[in-house]
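What follows is a short report on a single structure.
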Amino acid sequence: MKVIINYLLGILVMASMLQSCKKDDNSSAYPSGQGSFTATGGLSLNLTGTYSTFKRVTTSTYDSIYVGGYTLTPQAIVGLTFVNVKTPTTLPLNTATSSQTAIAGYFTGTNAASDYYFSTLSTTPGTVTITAISSTTIEGTYTTSVKNVAGATISFSGTFKGSF
């Protein structure tokens, strides 16, 4: 049952990531929806401008934030998703309670099940520290180990800073 819940949470994260992709417009500033997302270790990325995505969706029942981005070569999407995180805090990246959620995800490839990696599948999911958050901005650091259904693990860490 736990594997099914983790898989469903992972699909939710990936759906949020895929929906947030956009094309490069060569913008050098960080307008609403953009920022900087870095990763080092098993992944080496520096996603800025239109290759980054900073999105917040607030309804009467939840406040959802996605930070991350994508690369074209190799084709990859990476990011962090938070639900109901409204103040600076440190959370494990497998948090999935009724009040808060924090998950890391990574996608690469051609949509095979083994192309999706999630912190919720890992025994060492890592943590995220949100150092600053407002209604329009977010900033923090993270360290994670994401795992796919085939058992492969990728570990990386980095920073994020952007606006919604």
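The values are calculated or read from the model by the stated rules, or taken from the named source; none is laboratory data. Remember, it's a predicted structure, so these values are computed and weren't measured experimentally. Cβ atoms come from the backbone with ideal geometry, glycine included; neighbour counts cover every protein chain shown. Note: areas computed on protein heavy atoms with side chains; ligands, DNA, RNA excluded. Shrake-Rupley method; radii C 1.70, N 1.55, O 1.52, S 1.80 Å.
Quick notes on this structure:
- Residue check, residue 53 assigned to a strand (DSSP E or B), among the hydroxyl-bearing types (Ser, Thr, Tyr) and under 11 Å from the mean Cα position of the chain (by Cα): yes
- Options 109, 151: the member that is more than 21 Å from residue 69 (Cβ to Cβ) and out of contact with any strand residue (DSSP E or B) (no Cβ under 7 Å at 6 or more places or on another chain): 151
- Restricting 33, 68 to those that are among the small types (Gly, Ala, Ser), more than 22 Å from residue 143 (Cβ to Cβ) and either buried (at least 16 other Cβ atoms within 10 Å of the Cβ) or within 16 Å of the chain's Cα centre (by Cα) (or both) reduces the list to 33.
- Count of the stretch 43-65 residues which are surrounded by fewer than 22 Cβ atoms within 10 Å (Cβ to Cβ) and either hydroxyl-bearing (Ser, Thr, Tyr) or under 22 Å from residue 114 (Cβ atoms) (or both): 12
- The C-beta contact set for the stretch 92-107 (first residue of a type in the set (Ser, Thr, Tyr), second residue open to solvent by 10 Å² or more (accessible area, probe 1.4 Å) and assigned to a loop (DSSP other than H, G, I, E, B), distance under 6 angstrom, 6+ apart or interchain) comprises 99/84.
- Residue list for the stretch 71-116, restricted to those being under 21 Å from residue 30 (Cα atoms), modelled with pLDDT under 95 and not aliphatic (A, V, I, L, M): 71
- Selection within the stretch 65-97 - of a type in the set (S, T, N, Q) and closer than 13 Å to residue 133 by Cβ: 84, 87, 89, 90
- Hits in the stretch 73-87 - residues which are in contact with a Ser or Thr (Cβ under 6 Å, 6 or more places away or on another chain) and touching a residue at least 40 places away in the same chain (Cβ under 8 Å): 81
- Filter result for residue 138 (touching a residue at least 60 places away in the same chain (Cβ under 8 Å) and either farther than 17 Å from residue 156 by Cβ or in contact with a Ser or Thr (Cβ under 7 Å, 6 or more places away or on another chain) (or both)): yes
- Answer residue from the stretch 114-164, given it is open to solvent by 50 Å² or more (accessible area, probe 1.4 Å) and in contact with a helix residue (DSSP H, G or I) (Cβ under 8 Å, 6 or more places away or on another chain) and is nearest to residue 92 (Cα to Cα) among those: 147
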